[in-house]
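**Q** There's a structure below that I have some questions on.
The values are calculated or read from the model by the stated rules, or taken from the named source; none is laboratory data. As the structure is a prediction and not an experimental result, all values here were calculated from the model. In this analysis, Cβ positions are derived from the backbone assuming ideal geometry, glycine residues included, and neighbour counts consider all displayed protein chains.
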Amino acid sequence: MPGLVLGSILPTEARRRNHVWVLVPGTVLFAGLFIFFNIGRWLVAEDPLEKASAIAVLSGKMPSRALEAARIYREGYASEVWLTHQTEPGASLEALSVPFTGEESYDRLILIRKGVPESAIRVLDPPIVNTADEMLAIGQALSTEKQRKVIIVTSKVHTRRVKALWKNISSAQGEAIVRGVSDDGFDPAHWWGNTGDALDVVREALGLLNVWAGFPVQPAR
């Protein structure tokens with residue numbers, strides 16, 4: 001009876017605080033689980049295909065991105081395919097007298113093999129280090145085009161960060177239509193099921209945080 005009496009006269013504010021201590025951890029846990037299970041789907045943010053001046057192939061994941069660009073080119077969405085290029089590790093290997101052919105050379109060969117005329121392939125300057133550099137290079141090239149619209153081909157998990165980078169860096173130069181590789185093996189619903197997808201999700205999430213924060217973390221050059 002004394003315990004019941006004390007409980008009944010416990011101040012309303014104190015009871016409210018007890019409820020908060022119970023609800024807050026549960027809400028945080030629910031939110032964390034919701035983000036964990038849905039972040040893979042959220043990272044995939046593609047745009048519908050439209051006619052554009054060019055199709056830009058981002059570096060990495062060879063040969064899938066170049067193959068996708070060739071498919072889009074054959075469907076008549078653009079008259080050119082743009083490639084970016086890096087100076088490394090080519091410059092370091094050249095200093096050691098070791099021959100090296102950059103990724104853009106192989107992408108060019110893939111495009112030609114899949115029906116893109118060599119005259120329609122353009123390697124952009126300046127050289128790039130990361131995706132932000134690629135947005136700058138593509139934006140600069142697009143600024144000289146009559147139709148200020150470009151299709152950017154990348155991996156599905158990379159699409160949302162590419163859109164954020166374009167908006168932050170080169171949106172003034174024109175419109176970017178971001179497309180993921182159509183047969184990409186990334187599984188957005190079960191991204192935690194293999195190390196490749198898991199590493200991609202972590203990298204993209206951290207990369208987006210860096211974009212939103214104004215690029216406090218800069219790439220090693």
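**Q** Residue pairs, Cβ under 7 Å, 6 or more apart or interchain, first in region 40-67 and free of Cβ contacts under 8 Å to residues at least 24 places away in the same chain and under 20 Å from residue 128 (Cα atoms), second buried (at least 16 other Cβ atoms within 10 Å of the Cβ) and of a type in the set (Phe, Trp, Tyr). List them.
**A** Matching pairs, first to second residue: none at all.
**Q** For residues that are basic (Lys, Arg) and touching a helix residue (DSSP H, G or I) at 6+ places or on another chain (Cβ under 8 Å), scanning just region 122-148, find the one that is farthest from residue 45 (Cα to Cα). Explain how you work it out, then say what you get.
**A** Restricting attention to region 122-148, the residues satisfying the condition of being basic (Lys, Arg) are 122, 146, 148.
Those still in the list that are touching a helix residue (DSSP H, G or I) at 6+ places or on another chain (Cβ under 8 Å) too: 122, 148.
On the way: 122: 26, 148: 21 Å.
Once the filter is applied, the top-ranked residue is 122.
**Q** May I pose another question? Can you tell me which residue is farthest from the chain's Cα centre (by Cα) among those in region 102-119 that are in contact (Cβ under 8 Å) with a residue 24 or more places away in the chain and assigned to a loop (DSSP other than H, G, I, E, B)?
**A** Among those residues, the one meeting the criterion is 115.
**Q** Take residue 176 and tell me if it is farther than 16 Å from residue 66 by Cβ, modelled with pLDDT of 95 or more, over 14 Å from the mean Cα position of the chain (by Cα) and hydrophobic (A, V, I, L, M, F, W, C). Full working, then the answer.
**A** Details: farther than 16 Å from residue 66 by Cβ: yes; modelled with pLDDT of 95 or more: yes; over 14 Å from the mean Cα position of the chain (by Cα): no; hydrophobic (A, V, I, L, M, F, W, C): yes.
No, not satisfied.
**Q** Just give me the residues in region 129-158 being within 26 Å of residue 217 (Cβ to Cβ), assigned to a helix (DSSP H, G or I) and in contact with a Gly (Cβ under 7 Å, 6 or more places away or on another chain), in sequence order. Steps first, answer last, please.
**A** Step one: of region 129-158, the residues within 26 Å of residue 217 (Cβ to Cβ) are 129-140, 152-158.
Next cut, assigned to a helix (DSSP H, G or I) only: 131-140, 156-158.
Of everything in region 129-158, just one residue is within 26 Å of residue 217 (Cβ to Cβ), assigned to a helix (DSSP H, G or I) and in contact with a Gly (Cβ under 7 Å, 6 or more places away or on another chain), namely 156.
**Q** Based on what the data block shows, is residue 41 surrounded by fewer than 14 Cβ atoms within 10 Å (Cβ to Cβ), modelled with pLDDT of 95 or more and more than 22 Å from residue 119 (Cβ to Cβ)? If you could, list the steps in order and put the result at the bottom.
**A** Numbers: surrounded by fewer than 14 Cβ atoms within 10 Å (Cβ to Cβ): yes; modelled with pLDDT of 95 or more: yes; more than 22 Å from residue 119 (Cβ to Cβ): yes.
When the stated conditions are applied, residue 41 passes them.
**Q** Any residue in region 75-92 that is touching a residue at least 24 places away in the same chain (Cβ under 8 Å) and under 21 Å from residue 142 (Cα atoms) sitting within a Cβ distance under 6 Å of a residue that is surrounded by 19 or more Cβ atoms within 10 Å (Cβ to Cβ) and polar (S, T, N, Q)? List the pairs, counting only those 6 or more apart or interchain.
**A** Note: pairs meeting the criteria are 84/59.
**Q** I want to confirm something. Restricting to region 173-198 and keeping residues that are in contact (Cβ under 8 Å) with a residue 24 or more places away in the chain and either of a type in the set (Lys, Arg) or assigned to a helix (DSSP H, G or I) (or both), which single residue is farthest from residue 37 (Cα to Cα)?
**A** Quick first cut of region 173-198, residues in contact (Cβ under 8 Å) with a residue 24 or more places away in the chain only: 173-184, 186-192, 197.
Now drop any that are not either of a type in the set (Lys, Arg) or assigned to a helix (DSSP H, G or I) (or both), which leaves 173, 179, 188-192, 197.
Working: 173: 36, 179: 23, 188: 9, 189: 7, 190: 8, 191: 8, 192: 9, 197: 13 Å.
Across region 173-198, the extreme among qualifying residues is 173.
**Q** Exactly one of (1) closer than 15 Å to residue 151 by Cβ; (2) under 23 Å from the mean Cα position of the chain (by Cα); (3) of a type outside the set (Phe, Trp, Tyr); (4) buried (at least 17 other Cβ atoms within 10 Å of the Cβ) is unmet by residue 122. Its number?
**A** (4)
**Q** Right, something else. Look through 90, 139 and report the one residue that is within 18 Å of residue 59 (Cα to Cα), surrounded by 14 or more Cβ atoms within 10 Å (Cβ to Cβ), at pLDDT below 95 and small (Gly, Ala, Ser). Before the answer, list the steps.
**A** Details: 139 fails: at pLDDT below 95.
Just one listed residue meets the conditions, 90.
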